[in-house]
Amino acid sequence: MGRTSFDFEGETVIVTGGSSGIGRAIALAFGDAGATVLNADIDPDPKDADADRPTHEVIGAEGGTAEYAETDVSEPDAIASVVKAAREYGGVDVMVNNAGWFTRGDLFSVDRDTFEKIHGTNTNGVFFGTQAAAADMRDRGEGGVIVNTASISSTHAQADQIPYDSTKGAIRMITRGAALELADHGVRVNAVAPGHIATEFGAGADEKEESVAAGDLTKPIPLDRPGYPEDIAPTVLFLASEQADYVTGEMVYVDGGWQTF
Ligand code: NAD
């Protein structure tokens, strides 16, 4: 059985940051659901310890169609090129702006380069990814769906995370504003907000497992375990699917209940 029961046969999906972690799980789930998947990542190789083959190879091996497009999402022209490349497969139907970078630092220690770098990847990446995909969807006149990876950090501050949290707050409002502006074009825009997910992102998967087990978070996770990339992918596919036809501008938390109290 595939990882999800959604049907994206005949649709073209771009996933930024699809090589590793959450993006990889999303790309694999879309591949399982029959989509043509373009993984737009700066690095073709998975960082995950248990993932030894590039995402597009795994999808391809299971009969699906997938390509890797080397892309730095902080460069608007690079994202626009991937959207243009998707025309070869009929044009982008679903854009998942997921690539992200993390750094930690308190208000007084973060310098301008670091602040601009994280906003370049996380904020610019989502904004220009949304812009490029939306322009193509508008011009083709067939509608489309955009799903952005936000975070519990879109709404909840944690110590020494202003640079990262501010990018995720911005992603929430890019999502809402774009939903408003694109509704007339038949384009829905939503976000998924993961909680503490065991990937190599930030602290690293093992360390995250350990800190959840030790209760070493600012507050506990009601479902009492870290999340995994496979916990996030089904929500992204739901938001991208026809089942979510009346959902736009929304941000769905997938966090084991962390932000609810
Ligand atoms: P990850 O490090 O496993 O994967 C991130 C991917 O993005 C990598 O493949 C990396 O090569 C790619 N990437 C980084 N910079 C890029 C750039 N400039 N251009 C193109 N690709 C780039 O991390 P992850 O945990 O899977 O994170 C994915 C998304 O989920 C991020 O946006 C992150 O902010 C968000 N998120 C993660 C967590 C978590 O706990 N892991 C929680 C909330 C939100």
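Read-outs: derived from the displayed coordinates by stated rules, not from any lab. No experiment lies behind these values; they were computed from the predicted model shown. A quick note on method: Cβ atoms are made from the backbone with ideal geometry, for glycine too, and the neighbour counts reach across all protein chains shown.
Would you pick out the residues in region 174-198 that are assigned to a helix (DSSP H, G or I) and over 15 Å from the mean Cα position of the chain (by Cα)? Give the derivation first.
Residues of region 174-198 that are assigned to a helix (DSSP H, G or I), as a first pass: 174-185.
Hits for region 174-198 are R176, G177, A178, A179, L180, E181, L182, A183, D184, H185.
Filter region 97-128 down to residues that are touching a residue at least 60 places away in the same chain (Cβ under 8 Å) and within 10 Å of the ligand (Cβ to nearest atom), then give me how many there are. I'd like the intermediate steps shown before the answer.
Initially, region 97-128 is screened for residues touching a residue at least 60 places away in the same chain (Cβ under 8 Å), giving 97-100, 102-104, 125.
Now restrict to residues that are within 10 Å of the ligand (Cβ to nearest atom): 97-100, 102, 125.
Qualifying residue count, region 97-128: 6.
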**Condition check for I146: near the ligand (Cβ under 10 Å from one of its atoms) and either under 16 Å from the mean Cα position of the chain (by Cα) or touching a residue at least 24 places away in the same chain (Cβ under 8 Å) (or both)** = no
**Prompt:** Among the listed residues G177, G204, G215, which satisfies the condition of being under 14 Å from G249 (Cβ atoms) and free of Cβ contacts under 8 Å to residues at least 40 places away in the same chain?
**Reply:** G177
**Request:** Select from region 54-75 the residues that are in contact with a Gly (Cβ under 7 Å, 6 or more places away or on another chain), of a type outside the set (S, T, Y) and part of a helix (DSSP H, G or I) and list them in ascending order.
**Result:** I59
**Complete:** For region 77-90, pairs from a residue that is within 12 Å of T12 (Cα to Cα) to a residue that is of a type in the set (D, E), with Cβ under 6 Å and 6 or more apart or across chains, are V83/D136
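Of the residues in region 1-49, how many are part of a loop (DSSP other than H, G, I, E, B) and within 12 Å of the ligand (Cβ to nearest atom)?
Kept after step one, since they are part of a loop (DSSP other than H, G, I, E, B), are these residues of region 1-49: 1-11, 17-20, 33-35, 42-49.
Imposing the further condition that a residue be within 12 Å of the ligand (Cβ to nearest atom) reduces the set to 17-20, 42-49.
Going through region 1-49 one residue at a time, the tally reaches 12.
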**Request:** Could you pull out the residue among E70, E75 that is under 20 Å from Y164 (Cα atoms), of a type in the set (D, E) and under 18 Å from the mean Cα position of the chain (by Cα)?
**Result:** E75
**Asked** Picking from A49, A61, which residue would you name as being farther than 24 Å from V126 by Cβ, touching a Lys or Arg at 6+ places or on another chain (Cβ under 9 Å) and surrounded by fewer than 19 Cβ atoms within 10 Å (Cβ to Cβ)?
**Response** A61
